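Q: The structure's right below; bear with me while I get my questions together.
Coordinate-derived values only; no laboratory data. These numbers were taken from a predicted model, which means no experiment stands behind them. Note that we place each Cβ from the backbone using ideal geometry, even for glycine, and neighbour counts take in every protein chain shown.
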Amino acid sequence: MLKYYDELLYFSFKLCGDKEKAKDIIQETYIRYLEIKDKYEIENERAYLYKIVKNIVVHEALENQKLQTTIYEENLSLIPEYEQPEDILIQEDQEKIFMQIIEELPQRTKEAYILYTIDGYSRKEIASMMDTTSNNVEKLIKRASLKIEEELQKRGF
């Protein structure tokens, strides 16, 4: 965890523009990480730390109601935002966790959810495939969506 200190400090500084504030943010990041690391399995420590830093900065901006438009240095870099290393790591981590949560769903719930959201079938088509009613398919999809949302919130996403 400490091996990422310098890069997290730089990232935090880029977001808030104040070196002392950036140090405080990193300290808060480590506190939050230590509080949660024993509760949940974190596959990508680095990406998770970046996510915490971003969340703290956003939360503080909202609390202080200083929602000013600021152009960060990262927006001026040659690498597009979607190719920034921290964004790539965070997205990969989120995708793994999302697929893990889907795999943990009950079989029929998982099947209905995948057929609807990933494969693009209508509720009526899914009902026919699963030999059930459209209403039941609706309930399965809703149940899956709620469970996925709940699990993502538990894991800090």
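Q: For 29, 109, what ranking results if the residue with the fewest other Cβ atoms within 10 Å of its Cβ goes first?
A: Lowest count first: 109, 29.
Q: For the stretch 101-129 and the stretch 7-54, compute the distance between their C-alpha centroids and round to whole Å.
A: Taking the Cα centre of the stretch 7-54 as reference, the centre of the stretch 101-129 is 36 Å away.
Q: For the pairs 3/110; 39/110; 37/124; 23/142; 21/154; 14/142, note any where the Cα-Cα span goes beyond 31 Å.
A: 3/110; 37/124; 23/142; 14/142, as the Cα separations exceed 31 Å there.
Q: Sticking with this structure for a sec: Charges only on Cβ, +1 for Lys and Arg, -1 for Asp and Glu: so what's the dipole of the stretch 104-157 about the Cα centre, in debye to the nearest 20?
A: Its charge dipole is roughly 160 debye.
Q: Along the Cα-to-Cβ line of residue 55, 7 Å from the Cα, sits a label point; which residues in the stretch 90-110 have backbone N less than 20 Å from it?
A: Label zone hits: 90-102.
Q: Within the stretch 1-35, find all residues whose amide N lies under 13 Å from a label point positioned 7 Å from the Cα of residue 45 along Cα-to-beta-carbon.
A: 1-5, 30, 33-34
Q: May I ask you to sort 33, 113 by Cβ crowding, counting other Cβ atoms within 10 Å and putting the fewest first? Please report the intermediate quantities before stating the final value.
A: Numbers: 33 16, 113 22.
Fewest to most other Cβ atoms nearby, the residues stand as 33, 113.
Q: Right, here's the next one. Please give the contour-minus-distance gain from residue 107 to residue 142: 0.36 nm per residue of separation, less the Cα-Cα distance, rounded to one decimal in nm. Each step should come with its number before you reach the end.
A: Details: separation 35, 0.36 × 35 = 12.60 nm, distance 1.45 nm.
Separation in residues times 0.36 nm, less the Cα-Cα distance, equals 11.2 nm.
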